[in-house]
1. If neighbour count is taken as other Cβ atoms inside 10 Å, put Tyr220, Tyr272, Tyr121, Tyr7 in order from fewest to most.
2. Could you line up Lys139, Lys200 from fewest to most neighbouring Cβ atoms inside 10 Å?
3. How long is the gain from Ala327 to Asp243 if the chain were fully straight, where each residue apart is worth 0.36 nm and the alpha carbon distance is subtracted?
4. Given labels modelled 7 Å from the Cα in the Cβ direction, how far is it in nm from Gln109 to Glu223?
5. Among the GluC sites (Glu not before Pro) in region 249-338, which ones are in a DSSP loop with at most 16 other Cβ atoms within 10 Å of the Cβ? Mind listing them?
6. Sorting Leu155, Leu244, Leu129, Leu236 on the 10 Å Cβ count, fewest up front, what's the list?
7. Please get the size of the charge dipole for the chain, origin at its Cα centre, with Cβ charges of +1 on Lys and Arg and -1 on Asp and Glu, quoted in debye to the nearest 20.
8. From the P(r) of region 271-319, can you give the percent of Cα pairs sitting at distances over 17 Å?
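The numbers here are math on the coordinates, done by the rules we state, and not lab data. All values reported here derive from a predicted model rather than from experimental measurement. Positions of Cβ are generated from backbone atoms using ideal geometry, with glycine treated the same way; all protein chains shown enter the neighbour counts.
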Amino acid sequence: MKATRVYEQGAPENVKIEDVPQPEPTSMQVVVKVAAVGLCGHDQSDRNGLTRPHVGIPFTIGHEVAGTVVAVGDKVTGFAIGDRVATKQQTHCGECTNCRIGREIQCEQGRKFNYGGWAEYVALPVPGLLKVPENIDLKDAATIACTVGTTLNALRNVGQVMPGENVLITGAGGGLGLHGMQVAKALGGRAIAVTSSPSKVDQLRAAGADEVVVAQGKDYWEEIVKVTDGGPQVVLDNVGHPDLFSPIFRSLARNARYVFTGQVYRQKIDLYPAFLFGKETQIRGAGPGNMADFADSLQLVSEGKVNSIIDPMALDDVVEANRRLDASSFFGRGVLIP
Ligand SMILES: [Zn+2]
Ligand SMILES: [Zn+2]
């Protein structure tokens, strides 16, 4: 089968396409014929070396997979050949106390990103798998756990968005941002998109943003206060950049919840603690969501309350796809189609 391989982390050109044997399932895995696989910020970090893969070199990137089951491990129950499935982005044991009470993201065995998706076939562990509802295209299903699931955890469970609240979303044109906007609205909030790309303003409005603020200079906090009539109650920050944090933090309403879900580069933020207690602001972090969030995310898409917004490319064009990932030029989540 055709699969991508990275022998040395680095530039987009470091992702090679090779002919390799099709994987066999271990006892608690299924092998999936990949219909689509996402191109995520974490994949970018795996490729450029910001994160260290927990598997050996060479390795195959890709953790956002949907496809059809073609082989089943000998201890697998609940899945059969021919099932349409999608996976959560990280593995969990399924047996420890946290897994048994539905807190899979705090699995006591530690959670690890899936690998191997940028290929024609991939072996996936069963604990993170769900069947895809009939009315969701597998191409749309691939990224739902990572995009909708993560933002549902961040906004519903951690940010506790209430109807009518202003939810500000950074990196709004990206995969987490576009889906976070829709999740914010599904929870009854107003979606305030912040983007550094003026060229994305019209697309963001068309995608449902109630307001769009272009992050340029340091004074755009005043515009945020104006369009939210006093500042946002919840922030979904999936960029984690100091040039965004400082102006947005300044704009916050009282009792606001500032939720980090991602950081593209490792940079520190400046913070005066006085601003935290003065307005009783919370700064929280949100992980990738539990299985219940994944199931609810599939349901939201199946019911048409959230659309999976993907930007597909052929697996053969994986190098160009990585260049586009580096240039942030995907609208929504880029996906590779084998
Ligand atoms: Zn992802
Ligand atoms: Zn566990």
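1. Tyr272, Tyr7, Tyr220, Tyr121
2. If I rank by nearby Cβ atoms, fewest first, I get Lys139, Lys200.
3. Working: separation 84, 0.36 × 84 = 30.24 nm, distance 1.84 nm.
Result: 28.4 nm gained on full extension.
4. My value for the distance between the label points is 4.8 nm.
5. Glu280, Glu303
6. Values: Leu155 27, Leu244 19, Leu129 24, Leu236 34.
Lowest count first: Leu244, Leu129, Leu155, Leu236.
7. About 660 debye.
8. 67
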